[in-house]
Every structure is written in C-alpha cells, then in structure tokens.
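The structure appears right after this line, and notes come after that.
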Amino acid sequence: VNWRILVSTTVTKSSTTKDQVIQFEQIVNHHQRRLVALAFHMLGNWEEARDQAQEAFVRFWQQRHQPDEVNASFAYLARVVINLCIDRLRKRDRHRLFFWDMDEIDTALISTEEPERAVENDELKNLLESAVTRLKPRQKAIFILRDIEGYSVAETAEIIGGSENNVLVNLHKARKNLRKRLAPYLKM
Amino acid sequence: MKCAKAQKRIAFLVNGEIDAQHRHEVEEHLRRCGACQALAAQYKDLAQRARTLASPNALPGFYDTFFQKIWSQISREVQPQAKVFQRSPLWTALRPRYAVIGAAVILTGIVAIFLFSKIAAQRRQAPLEAYLTQRNFQGLVQALADPRQRPFFMQDSVSVDLLIESCEFLELIHKRHGQVSQPLAEALQIILWEGQRRDDRGRAFTAGGLPINLLAGQLDFKAAVRNIRRLKQFGAKITLLEVGQAWTGAYRITSMKGTQTP
C-alpha cells in the first residue's frame, strides 16, 4: 500500500480559496472509499460508516491551518475515523447496557447444526465478519488495518497512535480470539 | 522451543512479522510438532480469509452526494444559522438513563448522610451509652485511649441500669469462657470504677467498684453489681467528669457525679 506517496496535502496558511476547495474535493474523492470501508468494518453499518467518514473530512478541513498535522493526510484521516468509530461503539455499548437491546443480539454464530461440514465461502465470510465485530474496539481497529486492509505494522502503529509492539500485542490477542471462535470452520 | 512459546509466535510467522532468528526456531518446532502445524494452518487460513474482507463495496450511488454533504456541513459552520432549538438541561436530566443514574446517586447520598450522622451522633452525643448499648466494649477501650475521642466522654451521662446490664453481660461472657481477655478486663475497669466519689451535694458515695485482681484473673461480678446498685440512691443517671489513665495503662473514668432525675 503506497498511500504515503499518493497525496501530499500541505494546505497553505491562508483564507479559503477556490484552489483549496478543489484540492480538498480531490482529497475527499481519493480517500473516501478506503475511509468508509474502514468505518464499515468497525461499525458494520454503511450509513453510520459514511457519517463517521464525513465527520473525519470535516475535521480535516477544520485543521487545514496546521499543515504539520495534515501532511500525512491518510494516516490523519484514518486515525480520526477510527477514534470516531471507537467512540460510537462505546456509546452503543452504554446504550445496550441501559436498555438491553435484545434485538441487537447477533445470532450469526449460534446456528451450528453441523460444525464439521464444509461451510460455503460466503457463509464463512459472514461468520468472520460477525466474529470481528465482537472484538474489543482497539483490537478490532488494529486487526482491520493490518489483517483485512493489509497495512504494514509500522503504518498501523502510525494510524492507531501507538508503538509497533503494542500493535503486535493487540494483533496477537485479536487473532487468537478469532481463531478460537472460528476453529471448527478453519482449515487444519 | 516448547509448544507454548511457539504458539505465541505462529501467527507472527504466518503473517511475516517475525525476525529471522525466531522464524528459524518456530519453523524448526513446526517440523516436529503436529499440533502446532495444525494451529499454523488455521492461522494461515484466517489470514487468507481476512484479506477477502478488504475493501467492501457499497451499493451503487452510495458516494454520489458524499462531498456535497461534507461541504454543506462545513458551510453551515462557517455561516452560523439562527439559534437552533436546544433542549433544556432539566429535560436532559430527566431523561430515563440520567434519571436512573441520578436516583442512584441521590439514594447513595441519603444513605451515606444517614450513616454518617448516626456515627457522628453516637460519637458526639452519648458515646459511653452508645458503646454499652451495642456491647462494643473493645471499641470503648480504643475510643478512650484515643486522645481525639476522649474529650467527647466528658460530661457524658449514662444510666445506672445500663451499667448493671453491661456488668451482667460481661459476667455471662466470663461464665461461658472461664476467663476474660485483656481488652475485656480493661473494659471492666472502665465500666466498674471504684473508690470514693462525691455527689453534687458534697455527699460521699462509693461509685461502683469491682474487687478485681487482674493478675489472678478473679472477678467478683456480684460485688460489682451490688456496688453499682448503690449509685441509684444518688440518681438514676451518672455524669462523667474526668477520664484518667489506670494502672493497667488503659484509660478509665476517674471522676463523676450522680444526677437526680425528676
């Protein structure tokens, strides 16, 4: 993934000009799909994912007078999106705690009449998606960045805002958790 | 390398996140261990499946108004609209989830205030009577030994009946266990003081008294009760005037006066 060299967006320190808006639109068009995909993996809902990605772009625009902050535009945007999604997930958890949303209980992993049978690829994909949604927010974010979207450990650490060691520790926990959940369906 | 150590590194090996030396060690272990080979295969499968989830596709038209929405939000913030309606803080406070938290906080506060006031009242108003009523003799010994709490015992009143009751209770313990512990013996010294005292009209009286020989462990409870009963002729209540140190090292009441009750 060569996102580092794709965009160099050092927005100059001046009032809004037409060029700035055009440049901003280019950045939005360039990053929107990857950011929405990240948010979708985190939240499991397209509408919410779009809202969080749009909010991240708004914040990016508001930070335009601090070029140092926005130089690494994708890392910055991805970090904002992930933090917004983590906040969103925590709010959901709080809501669930208060109102016991029974309708949100995921039944995807319950129906295992014949766990030994070879499940269809799409079915396993759904099971994996469902298992990923059950990870802790930070572990989930790191697993999505590294194992699903394929960023390097260093890039993941830069986006998530932590050390590479911390990324590896969280990755290990996430993978171990997922392997345990999906063990009956994974190839031996 | 043992399985436990290898299993921590298998996923890193599969995903190429391991240095050369460790990779060699784990690979060496995998050649010999079937269980770890199966684990490695599962991690490999998991890694491959995870990559298939990359870049999911939204429905067609999903991004059509993506930038417009961002720009309209930015424009709204640049040119603030008329003041928007905001819910009052009271309404927010009364929302169910906050109401539950609020009720819990208020309830906890009430219980805490009630408990604190009870403890404070016990310590400040009639400490001796409270300790005796609760049969907390050890607490009484500790309270009298504490210089911060000692002043609260001054001018404290206690009924003769309660003193007799306490004495009888201690006698019961003594009968049951054959002996009394050192703190209990000190408590006895405090409750069953002895010696000549004077009442508020200057008359001399024996204010309680316990023929006690701590070293021999002999206690004459009946004599003690008899002595305390004598206090009744001076009044049903006894007011404490002074607390001093006894020869055992414990603090006890050394001066008091009888109070006539109407």
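The values are calculated or read from the model by the stated rules, or taken from the named source; none is laboratory data. Bear in mind the structure is a predicted one, so any value in this text is a computation, not a measurement. As a convention, Cβ positions derive from the backbone with ideal geometry for all residues, glycine included, and neighbour counts pool all protein chains shown. The accessibility values were calculated without ligands, DNA or RNA, using every heavy atom of the protein model including side chains. Shrake-Rupley method; radii C 1.70, N 1.55, O 1.52, S 1.80 Å.
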- How much accessible area does B:PHE169 have with a 1.4 Å probe, in Å² rounded to the nearest 10? 60
- For the stretch B:131-175, just the Cα atoms, rotate onto the principal axes and tell me the three extents in Å, largest first. 34, 20, 12
- Query: How would B:ILE173, B:ILE106, B:ILE10 rank on accessible area, largest to smallest, probe 1.4 Å?
  - Reply: B:ILE106, B:ILE173, B:ILE10
- Taking each residue of B:55-61 in turn, how many C-beta atoms of other protein chains fall within 10 Å of its C-beta, and what is the average? 4
- Query: Using a 1.4 angstrom probe and counting only protein chains, how large is the accessible area of A:ASP122 in Å², to 10?
  - Reply: 110
- Chain pair B, A: total accessible area buried, heavy atoms, 1.4 Å probe, Å²: 4100
- Accessible area of B:ILE164, 1.4 Å probe, to the nearest 10 Å²? 20
